[in-house]
1. Provide the gained length on full extension for the span Arg67 to Leu354, in nm with one decimal, where the gain is 0.36 nm per separating residue minus the Cα-Cα distance.
2. If the reach is capped at under 23 angstrom between alpha carbons, list the lysines near Lys228, excluding any in the same chain fewer than eight residues apart.
3. Please state the Cα pair-distance histogram of the chain with 10 angstrom bins from zero: what percent is in each bin?
4. With viscosity set to 1.306 mPa s and temperature to 10 °C, compute the Stokes-Einstein D of the range 124-251, Rh being the Kirkwood radius across alpha carbon pairs; µm²/s, no decimals.
5. What accessible area per residue, rounded to a whole number of Å², is obtained for the chain using a probe radius of 1.4 Å?
6. Can you give the relative contact order of the range 69-158 as a percent, counting alpha carbon pairs under 8 Å and 6+ residues apart?
7. Find, among the chymotrypsin sites (Phe, Trp or Tyr not before Pro) in the range 243-349, those assigned to loop by DSSP (not H, G, I, E, B) with at most 16 other beta-carbon atoms within 10 angstrom.
8. Can you give the FRET efficiency for Ile58 and Asp163, using 1/(1 + (r/R0)^6), R0 = 35 Å, r = Cβ-Cβ distance, to the nearest 0.05?
Amino acid sequence: MIVLGIETSCDETAAALVEETGDAARPWRLVSSVVASQVEIHREWGGVVPELSARQHIRDICGVVERTLLDGGRVRYDAVAVTQGPGLVGSLLVGVAFAKSLAWASRVPLIPVHHLAGHVESLVLDGGEMPLPALVLVVSGGHTSLYLVKTPGVLERVGRTRDDAAGEAYDKVAKLLGLGYPGGPVIDRLAAEGNDRAVSLPKTRLTHADRNAPDVPGKRDFSFSGLKTAVLRHVTARREVLGLGAAGSLPVQEIRDLSASFQRVVVEVLLDRLFEAARWYGARSVGIAGGVSANSRLRAEARARGEAREIPVFIPSLALSTDNAAMIAAAGLRAYRAGTIAGWDLNAEASLKL
Ligand code: KG4
Ligand code: ZN
């Protein structure tokens, strides 16, 4: 069986073909994948503009799907999987309406996919089935959550952010430093040449008053707004000392040091929680998915901690870290095998629950 996946939840128009292999350990094979990024359009505005995003998806979707089928060397597919939500509603609607028409015209089933279930499936698409139970951190521009996976494809949330997502913190800090959008890749690059101990920044810990308390809800939550505010305070103070004015650019080495210090804290907070939760739940593997999993320090430290604790760590290839449709097609295959098919009245849902 071959599934055509379609993803338009945010600022990437993407399509992909994924095939079922019949091998239980490595169930999916990527045939072709195309991603048209809108980053250049939104950069001018310092973030994603929903209306512009929806309009650009309309312009790009036919070409992206056509290219995917050409690259895959086929015109037939056995089902169409589409991101139903969560995301920007106007953007989601383009993908959902297109997928519906295509599935109807091709007389194949339509499969609805949750965007985050897609990110988690990217781990399996790349690395094969994870030893279960698994603890997966989904960390993107809109989400920072921990999921316990006991059965393939079934995600139980055991932690989430109380305020900003980690990617959002990256984007806001980059904006503050005048580094443009999206912030993650730029800060990641600058951090490589900075001193990660140069600026002292707080690590917010949301723990139960009694650290040895049993597993209480919220104990594994994240919070990044305090960190973002600490960066803002630091930058404001330095601008004042250097007489730079309210939006003045700090010296480049200071920006590198601040980026490195910020990144060190984000990565430590994310990995502390992930590995603590993995130990608590007796996980046999851990995974990191979503746009921030492209971060070089997060990838390197996660692998090092995994080796030290002798637990396998699943991280997608860079192409599958940020938004793509291959993960949607793979999650669609999983959902279809579990009996999920959408009706022709399928609608986009901006805050779809898992
Ligand atoms: O999963 P994704 O492509 O879209 C959402 O579903 O949100 O994630 C995008 C987020 C953005 O916030 C971006 O700044 C962040 O992922 N990101 C990174 C890196 N590459 C992308 N964050 C840190 N380091 C990176 N290398
Ligand atoms: Zn995403």
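The values are calculated or read from the model by the stated rules, or taken from the named source; none is laboratory data. Values in this document were obtained by computation on a predicted structure and should not be read as measured data. Cβ sites come from the backbone with ideal geometry, for glycine too, and all protein chains shown count toward neighbours. These accessible areas exclude ligands, DNA and RNA; they are computed on the full protein's heavy atoms, side chains included. Shrake-Rupley method; radii C 1.70, N 1.55, O 1.52, S 1.80 Å.
1. Using 0.36 nm per residue and subtracting the Cα-Cα distance, I get 100.3 nm.
2. Hits, sequence-local ones excluded: Lys172, Lys175, Lys203, Lys219.
3. Going from the shortest bin to the longest, the percentages are 6, 25, 31, 24, 11, 3, 0.
4. After rounding, the answer is 93 µm²/s.
5. Accessible area per residue, the chain: 44 Å².
6. This gives 21 percent for the range 69-158.
7. For chymotrypsin sites (Phe, Trp or Tyr not before Pro) across the range 243-349 that sit outside H, G, I, E and B with at most 16 neighbouring Cβ atoms in 10 Å, the list reads Trp344.
8. E between Ile58 and Asp163, to the nearest 0.05, is 0.60.
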